[in-house]
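Enquirer: Please see the structure below; I have some questions.
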Amino acid sequence: MGTSFSSPGPGSNSPLVPPWADSEPNEPLAVPDGQRFREFRTHLGKFVSSGGGDTERLGASLGSYARRATGGGTVAPRRFGAMARAGGALFDAMAALRDGQDPSLPGVDLGTLDGRPTEVAIGLLVDALVPPNGDADRIRVALNDALSEAMEGQAAFDFDHITDDVIADMMIAYLTECIYEQIVLDSGDAFAKAKDAGQYDRSERALRELVRAAADKHMAPLLAGNVRQMSGRTIRDVQLRAVKDIWAEWEAYEK
């Protein structure tokens with residue numbers, strides 16, 4: 001599991017999409033609304049103070065997040081450009097290992113991974129895949145979580161365990177964590193509304209489960225039966241398409 005960030009998150013006047021993250025850097029962006037996070041954070045804080053039980057409030061927070069805080073479904077995928085690129089690199093590396101090929105990563109080859117303790121192998125892969133940009137922390141968490149889920153139960157890193165289904169599930173887990181961590185970063189002090197650790201944990205768990213369900217709903221059909229025909233570049237586009245579809249679903253939560 002990833003961990004919530006202690007940062008207060010971006011301010012309302014921060015750009016909708018930071019330059020390092022933009023999947024369409026040559027396209028213009030609107031000037032952000034000065035109060036774009038206010039409603040999202042208010043709803044989310046009330047959800048957290050309910051102990052994670054007020055699902056209507058969670059829906060309202062995500063509706064406001066999708067429509068206002070992040071600029072809507074035409075803008076939001078651009079915010080995930082750097083994360084999607086890293087996800088594409090993860091896909092290429094694991095597909096190569098599945099096929100017994102060198103993953104083409106600095107400092108990582110078949111020999112450095114074969115038979116190593118899984119935790120060590122995952123660490124090597126993550127270190128090689130994390131890009132040097134402003135999303136590095138969130139990408140690191142998402143890569144580690146996705147690889148840990150993919151190799152769960154494997155004491156030693158086993159290439160034979162890497163199947164198309166494992167890769168597909170890994171990519172859904174990766175996108176889930178990217179979206180979840182971005183929401184938490186943008187949430188400001190909303191999680192501080194928890195009255196105790198139990199409320200905090202239940203609220204985080206409910207949010208993550210909702211994000212995972214949305215990622216599975218919108219990304220799994222794009223991957224089903226297609227993993228062998230895909231590359232890191234197409235996986236990048238699949239992730240951004242899934243984000244767009246998830247945002248369209250969440251925008252409908254707002255009344």
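The values are calculated or read from the model by the stated rules, or taken from the named source; none is laboratory data. Here the structure is a predicted model, which is why all the values come from computation and not from measurement. When we count neighbours, we look across all protein chains shown, and the Cβ atoms used for this are built from the backbone with ideal geometry, even at glycine. Note: areas computed on protein heavy atoms with side chains; ligands, DNA, RNA excluded. Shrake-Rupley method; radii C 1.70, N 1.55, O 1.52, S 1.80 Å.
Enquirer: Which condition number in (1) at pLDDT 95 or above; (2) open to solvent by less than 70 Å² (accessible area, probe 1.4 Å) is the one that Ser4 fails?
Expert: (1)
Enquirer: Give me the helices (runs of 4 or more DSSP H) completely within the range 27-123, filtered to those with at least 3 residues that are of a type in the set (Phe, Trp, Tyr), ordered by residue number.
Expert: Ranges flagged: none.
Enquirer: Without any contact (Cβ under 8 Å) to a residue 60 or more places away in the chain and open to solvent by 20 Å² or more (accessible area, probe 1.4 Å), is that true of Glu152?
Expert: yes
Enquirer: Being open to solvent by 40 Å² or more (accessible area, probe 1.4 Å) and in contact with a Pro (Cβ under 8 Å, 6 or more places away or on another chain) is the filter here, so list the residues in the range 11-22 that pass it.
Expert: Passing the criteria: Asn13, Pro15, Pro19.
Enquirer: A follow-up question, please. Among the residues of the range 218-233, which ones are open to solvent by 20 Å² or more (accessible area, probe 1.4 Å) and touching a residue at least 24 places away in the same chain (Cβ under 8 Å)?
Expert: His218, Ala220, Ala224, Arg228, Met230, Ser231, Arg233
Enquirer: Does Thr163 qualify as being open to solvent by 10 Å² or more (accessible area, probe 1.4 Å), among the polar types (S, T, N, Q) and under 29 Å from Lys217 (Cβ atoms)?
Expert: For Thr163, the condition - open to solvent by 10 Å² or more (accessible area, probe 1.4 Å), among the polar types (S, T, N, Q) and under 29 Å from Lys217 (Cβ atoms) - is met.
Enquirer: Please give the number of the condition Asn144 fails out of (1) farther than 19 Å from Asp99 by Cβ; (2) open to solvent by less than 50 Å² (accessible area, probe 1.4 Å).
Expert: Only one criterion is unmet by Asn144, namely (2).
Enquirer: Within the range 174-199, take every residue that is in contact with a Leu (Cβ under 9 Å, 6 or more places away or on another chain) and closer than 15 Å to Ala215 by Cα and give me the one that is surrounded by the most Cβ atoms within 10 Å (Cβ to Cβ).
Expert: The extreme case among them is Tyr174.
Enquirer: Report yes if some residue within the range 29-40 is farther than 15 Å from Asp186 by Cβ, over 21 Å from the mean Cα position of the chain (by Cα) and surrounded by 14 or more Cβ atoms within 10 Å (Cβ to Cβ); otherwise report no.
Expert: yes
Enquirer: Let me ask you something else. Name the one entry in Asp109, Asp102 that is open to solvent by 70 Å² or more (accessible area, probe 1.4 Å) and modelled with pLDDT under 95.
Expert: Residue meeting the stated conditions: Asp102.
Enquirer: Taking the options Ala136, Ala96, name whichever one is surrounded by fewer than 22 Cβ atoms within 10 Å (Cβ to Cβ), of a type in the set (A, V, I, L, M) and over 18 Å from the mean Cα position of the chain (by Cα).
Expert: Selected residue: Ala96, the only one of Ala136, Ala96 that is surrounded by fewer than 22 Cβ atoms within 10 Å (Cβ to Cβ), of a type in the set (A, V, I, L, M) and over 18 Å from the mean Cα position of the chain (by Cα).
Enquirer: Yes or no: Ala89 open to solvent by less than 10 Å² (accessible area, probe 1.4 Å) and within 19 Å of the chain's Cα centre (by Cα)?
Expert: no
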